[in-house]
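Asker: Quick one: this structure, given as structure tokens, is what I'll be asking you about.
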Amino acid sequence: MTAALLTLADSRLPAGGHTHSGGIEQAIAAGRVHDPSSLAAFLLRRLQTAGAVASGIAAAACGGADLAVLDAECDARTPSPALRAASRQQGRGLVRVGRRAWPSPVWDALPAAPHHPVALGVAAAAGGLAPRDAAAAAAYLSISGPATAAQRLLAMDPLTVAAVTARLSPEVDVVAEQSTSRATGSPADLPADTDPLLDLLAEVHTARRDRYFAS
């Protein structure tokens, strides 16, 4: 089961996540991210908002909650149309690879073009993981993808970026633990933390013609 968790959290999983920057590309263009310190601040901000939402949704999906309801809850918690589209793109990619990696009837309950956290929770269940594992994978992915994108866009030292990500490990654990505890009740109890800055960055980014990443 540990291997399944590591696979889900691996950026090399061919689910399309490498084409998304999680807002980092536009944050760099706006001058908000430019060095390790500003990168760490951005990643923490993203973890505690979008990461917490994804973590709770993934935990609930892994725990057997109604997937259609969770997909609607994820939609409601993602105000930006650009971010909703990006989430569904990554969800479709994860379903494609997940069905082949972990064949299971649980995939059949997914709605069409599910949000990525919903698909992640189902993938975790299909891989024999627990809701806490799904939450941890979602929380970690909320910072690992943007960190890798920042490394490429700013030509940052990979060791420095790895250190920034590693130092956020305690916060990742806290978010995963809190989100899991909130995933056992009503869908209304799931995390609903949003960040207007991330929404604005996403909308500005999607209108650009010179972007390197899809989001």
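Asker: Can you tell me the FRET efficiency between E171 and A72 if r is taken as the Cβ-Cβ distance and R0 is 30 Å, rounded to the nearest 0.05? Display every interim value, and only then the final one.
Answerer: On the way: r = 28 Å, r/R0 = 0.94.
For R0 = 30 Å, the calculated efficiency reads 0.60.
Asker: Compute the long axis of helix 169-181 from its Cα atoms, compare it with the longest principal axis of the Cα atoms of the chain, and write down the angle in degrees, 0 to 90, nearest 10.
Answerer: Long axis of 169-181 versus the principal axis of the chain: about 30 degrees.
Asker: Over all directions, what mean area does the Cα convex hull of the stretch 40-94 project, stated in square nanometres?
Answerer: Values: hull surface 16.6 nm².
That works out to 4.1 nm², a quarter of the Cα hull's surface.
Asker: Take the Cα atoms of the chain, build their convex hull, and give its volume per residue in Å³. Don't jump to the answer; show the numbers that get you there.
Answerer: Working: hull volume 22.0 nm³, N = 215.
Output value, Cα hull per residue: 102 Å³.
Asker: Between G91, G64, G56, which gets the highest mean-square fluctuation from a Gaussian network model of the chain, Cα cutoff 10 Å?
Answerer: Comparing G91, G64, G56 in a Gaussian network model of the chain, the most mobile one is G64.
Asker: Highest GNM mean-square fluctuation, the chain, Cα pairs closer than 10 Å: which of A155, A59, A147?
Answerer: Checking each option, the largest mean-square fluctuation is seen for A155.
Asker: Just need the relative contact order of the stretch 19-206 here, percent rounded to a whole number, with Cα pairs under 8 Å and 6+ apart.
Answerer: Details: 297 pairs, mean separation 73.8, N = 188.
39 percent.
Asker: Rounded to the nearest 0.05, what FRET efficiency is calculated for T184 and S37 with R0 set to 41 Å and r the Cβ-Cβ distance?
Answerer: Values: r = 37 Å, r/R0 = 0.90.
After rounding to 0.05, the efficiency reads 0.65.
Asker: Helix 67-76 versus the longest principal axis of the chain: what angle, 0 to 90°, nearest 10, using Cα atoms?
Answerer: For 67-76 against the chain, the angle is about 30 degrees.
Asker: Angle between the Cα long axis of helix 81-101 and the longest principal axis of the chain, 0 to 90 degrees, nearest 10?
Answerer: 50
None of the figures in this text is laboratory data; all of them are computed from the coordinates on show. None of the values given here were measured: they were computed from a predicted structure. Positions of Cβ are generated from backbone atoms using ideal geometry, with glycine treated the same way; all protein chains shown enter the neighbour counts.
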